[in-house]
Amino acid sequence: MTEKLFDTDSYITEFECKVIDLYTEDNFLCLILDRTAFFPEGGGQTCDKGWLNSANVENVQNIGGNIIHFVENSEENVKMFTVGSVLSGKIDFKKRFSDMQQHTGEHIFSGIVHSLYGYNNVGFHLGTEVVTLDFDGELKEDDVCKVENLVNKAVWDNLEIRVLFPSDEELSSIDYRSKIEIEGQTRLVEIPGVDMCACCAPHVKFTGEVGIIEVVNFERYKGGTRLSILCGERALADIRHKLNENRRISVLTKAKQSDTAVAVERLLEENERLKYEINGLNRRFLEGEAEKIEPTDKIIIFDSRLKDKLLSDFTLSLMEKASEFVACFCPDGDVIKYCIASKTIDLRPLCKELNTAFSGRGGGRPEIVQGSLTATEDAVRAFIEAK
Ligand SMILES: [Zn+2]
């Protein structure tokens, strides 16, 4: 059985250990040690990374009660690691500390939600970015703000976090979260006045080390609420990124940093108004062009001004002038919108052919079909002119 150094001390970064067993699996050499500071993946948290001697520890898993350290199955490593080898281990403490900030932040958050609303954390994931928490009850925007204030207050109170290993008798009188069936000794993480929870993961010693807890997002999820939070260094990086984005918007819109949303709203309104105006001008211009077109068998037009409803209006306005069909196309990036009308032929087979030839979609009635194609203007022009 491996002694778990992280169980009682989250700050051991370097340690001596001995290989007690090893085996190979795929491209890895799998090591079991007499003691380790490497936290294996578990309880919603990814594993520690680090080094055993000079070898990178790529993965750490708890398999059948054994903590397995995965290192590359290289010639050098096979020589270095044998049963009985004494090794020096070192964990990547930057990653570990970030994980601890997130995990302790999650306990504070879940503890406060539980005591205020009685909701349980029924899903927890601590990845390399945001931490997601699923609660079995609905939190509204006001509730989320209230919780965000209280969790940060618990951080500023700099409470000392304790890890307890109670006897079965003591455990029966303690009220704690996460009462899952755990074989063997239950490990409790206590944040005084805030939370008591069964947990196998390393935590920071004082809540102040969490730094800040930021709610990044919340949404209704399976009848409850899914929240994404960031703590400590990750929250700082996120806030810095968002402030930079806002600063850029402020420069671009010439608005104060505190008023960027109003400035963007104004720009969007202006953009809509201009689009409307341009469409009106295009319509007038194209109506003039349509009048100049002489009657013929086929009329084929490509024009990027034929946006939205103008495409079908323009096509229909030319219908009487074409004895076979009028086909209008509006190229827009990689996509070409089309509208084809005829007073003499059923256009549906042609529409089908076009869609098949140019990964298109669309359809319509015998006398008018509409849709979009993914193709170049030249290819579509060659195709329709050959009809
Ligand atoms: Zn936990």
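The values are calculated or read from the model by the stated rules, or taken from the named source; none is laboratory data. Everything numeric here is computed off the predicted structure, so don't read it as measured data. In this analysis, Cβ positions are derived from the backbone assuming ideal geometry, glycine residues included, and neighbour counts consider all displayed protein chains.
Some points to look at:
- Of all residues in the range 277-294, those satisfying the criterion of being assigned to a helix (DSSP H, G or I) and among the acidic types (Asp, Glu) are Glu277, Glu287, Glu289, Glu291.
- Among the conditions (1) outside any loop (DSSP other than H, G, I, E, B); (2) of a type outside the set (Phe, Trp, Tyr); (3) surrounded by fewer than 16 Cβ atoms within 10 Å (Cβ to Cβ), the only one that Ala235 does not satisfy is (3).
- Contact map, the range 2-16: first residue farther than 12 Å from Phe39 by Cα, second residue in a loop (DSSP other than H, G, I, E, B) and among the small types (Gly, Ala, Ser), Cβ cut-off under 8 Å, separation 6 or more or different chains; pairs are Glu14/Ala37; Phe15/Ala37.
- Some residue of the range 155-172 being surrounded by 21 or more Cβ atoms within 10 Å (Cβ to Cβ) and out of contact with any Pro (no Cβ under 6 Å at 6 or more places or on another chain): yes
- First in the range 199-226 and outside the structural domain of Gln185 (by TED's automatic domain parsing), second anywhere and part of a loop (DSSP other than H, G, I, E, B) and surrounded by fewer than 16 Cβ atoms within 10 Å (Cβ to Cβ), Cβ under 6 Å, 6 or more apart: none
- Gly105 vs. criteria surrounded by fewer than 15 Cβ atoms within 10 Å (Cβ to Cβ) and among the small types (Gly, Ala, Ser): no
- Against the criterion of being within 16 Å of the ligand (Cβ to nearest atom), surrounded by fewer than 20 Cβ atoms within 10 Å (Cβ to Cβ) and either farther than 19 Å from Asp99 by Cβ or of a type outside the set (A, V, I, L, M, F, W, C) (or both), Lys222 does not qualify.
- Among residues of the range 95-118, those that are aliphatic (A, V, I, L, M) and under 14 Å from Thr207 (Cα atoms), counted: 3
- In the set (1) touching a Cys at 6+ places or on another chain (Cβ under 9 Å); (2) within 16 Å of the ligand (Cβ to nearest atom), the condition left unmet by Arg35 is number (2).
- Meets criteria (within 16 Å of the ligand (Cβ to nearest atom) and over 14 Å from Val204 (Cβ atoms)) for Asp143: no
- Elements of type strands (runs of 3 or more DSSP E) contained in the range 295-366, each with 3 or more residues being in contact with a Phe, Trp or Tyr (Cβ under 8 Å, 6 or more places away or on another chain) and assigned by TED's automatic domain parsing to the domain that holds Val380: 296-302, 322-332, 335-341
- Any chance Gly193 is in a loop (DSSP other than H, G, I, E, B), on the phi > 0 side of the Ramachandran plot and touching a residue at least 24 places away in the same chain (Cβ under 8 Å): yes
- Test result for Gly193, assigned by TED's automatic domain parsing to the domain that holds Arg162, away from the ligand (no atom under 16 Å from the Cβ) and under 30 Å from Gly65 (Cβ atoms): no
- Whether a residue is more than 27 Å from Cys17 (Cβ to Cβ), hydroxyl-bearing (Ser, Thr, Tyr) and surrounded by fewer than 21 Cβ atoms within 10 Å (Cβ to Cβ) was assessed, and Ser74 does not pass this test.
- From Phe325, Phe329, residue being touching a Leu at 6+ places or on another chain (Cβ under 7 Å) and crowded, with 18+ Cβ neighbours inside 10 Å: Phe325
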